[in-house]
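Below: the structure, in structure tokens.
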Amino acid sequence: MRAAANDERSEFDALALFCLLPSLLYVLCMFVYPFLYGVYLSLQPQKIAGFSLANYLAFFSDPYQYGTIWITFSLAVPTTIIVLLLALWLAYGMRRGIFMERTVTTILILPISLGVILLSEGILGFYGSQGWLNQILLGLGLINDPFILTHNYIGVMLALFMQQFPFCFLMLLGYISGIDPSLESSARMLGATPSVVFRRVMLPLIAPGLAIAFALVFVMSFAVFPSAIMLGQPAGTTRTISIAAYQKAFEQYDMSAASAIAVVMGLCQLAALLVIILFRRRLSPAATMGVGKR
């Protein structure tokens, strides 16, 4: 019996490894190899023979360059927090279904189909100084001067919010809807108020999903590039680290220095992901999935 069980387990492990192999190959070819090649290229600066850390030293010795790290974090972190809080609020309210749920969900996730460029153009047309919003407010006499909501920090955050919110909302809605409703019902039967149910029962169960959503939204926001150019100030307040890498590669034609900046960018993202993963591991896993909506 034990030998048969071991054989079945070995066959199952072999099948699991076979099914996992394409994913591993994809990760190796599309992430590990390009990252290692970027590291290799970044250690071979122009006009210097052999390996050197000159590109990294030049980056961190220039405030105009290393300041892009803080600018990128100052865009990605607030955007991620705002997206996460609003998506949590809406997903929690829709966890058991609402009137015209499919229509509301379709409207909320519609920006996914627009693309970054079209979305940025729409923001310029609506929120720009000559856009519809300012024209309506000026026409009604509510303001004397148009609001400056584009070509600055606010414009980039608007674009990031509209890009990331649909993904975060769908992820949290699916996660929250799958939590066993009997847990919430039991807490209410014991006299817990809705706020106590959310804080003491639901939030601990939602926390692992929040951590995953935070990680994905943060990584996508940290890599902001077209929005920062079209809706921000690419030479000023919204000069992100991706713009710095682009300028080195395609304006100054220094692929080695651009690779160094890209490696720094990747390490920042990996460090943030590591912190999020460590935080998620501290959350106690529990059997939370039930029948979902009732």
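The values are calculated or read from the model by the stated rules, or taken from the named source; none is laboratory data. Just so we're clear, the structure is a prediction, and the values are computed from it rather than from any experiment. As a convention, Cβ positions derive from the backbone with ideal geometry for all residues, glycine included, and neighbour counts pool all protein chains shown. Note: areas computed on protein heavy atoms with side chains; ligands, DNA, RNA excluded. Shrake-Rupley method; radii C 1.70, N 1.55, O 1.52, S 1.80 Å.
One table, with the values for the structure above:
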item: Nonlocal amide H pairs with Ile179, under 5 Å, H built at 1.01 Å; result: Gly290
item: Overall form of the range 13-105 per C-alpha gyration tensor (a/c, 1.5; a/b vs b/c); result: oblate
item: Karplus-derived 3J(HN,Hα), 6.51/-1.76/1.60, for each residue of the range 117-124, Hz, glycine and proline x; result: 5, 5, 5, 5, 5, x, 5, 4
item: Kirkwood Rh, Cα atoms: Rg over Rh of the range 100-185; result: 1.15
item: Rg(Cα) / (2.2 N^0.38 Å) computed for the range 1-156, rounded to two decimals; result: 1.74
item: The range 96-112 - phi-based ³J(HN,Hα) in whole Hz, Karplus 6.51/-1.76/1.60, Gly and Pro as x; result: 10, x, 9, 5, 6, 4, 5, 5, 4, 4, 4, 5, 5, 9, 4, x, 4
item: Convex hull projection area averaged over all views, the range 134-241, Cα basis, nm²; result: 10.4 nm²
item: Förster-model FRET efficiency, 35 Å R0, Ala235 and Leu28, C-beta, rounded to 0.05; result: 0.40
item: Alpha carbon centroid spacing (whole Å) that separates the range 137-186 from the range 54-69; result: 33 Å
item: Rounded accessible area of Thr237 (nearest 10 Å², 1.4 Å probe); result: 80 Å²
item: Per-residue [θ]222 nm for the chain (sum of -39500 (n - 2.57) over DSSP H runs n ≥ 4, rounded to 500); result: -21500 deg cm²/dmol
item: Diffusion coefficient, µm² s⁻¹, Stokes-Einstein with Kirkwood Rh over alpha-carbon pairs of the chain at 4 °C and 1.567 mPa s; result: 57 µm²/s
item: Accessible area expressed per residue, the chain, with surrounding protein chains retained (probe 1.4 Å, Å²); result: 59 Å²
item: Estimated distance in nm for a label pair at Ser74 and Ile148, the labels positioned 7 Å out from Cα along Cα-to-Cβ; result: 1.5 nm
item: Under Karplus coefficients 6.51, -1.76 and 1.60, residue-wise ³J(HN,Hα) of the range 27-41 in Hz, glycine/proline x; result: 5, 5, 6, 9, 10, 5, 5, x, 5, 5, 5, x, 4, 4, 5
item: Trypsin sites (Lys or Arg not before Pro) restricted to DSSP loop in the range 60-169 with at most 14 other C-beta within 10 Å; result: Arg96
item: With every protein chain in place, the range 9-156: carbon and sulfur % of accessible area (1.4 Å); result: 74 percent
item: Accessible area of the range 176-223 belonging to carbon and sulfur atoms, whole % at 1.4 Å probe; result: 71 percent
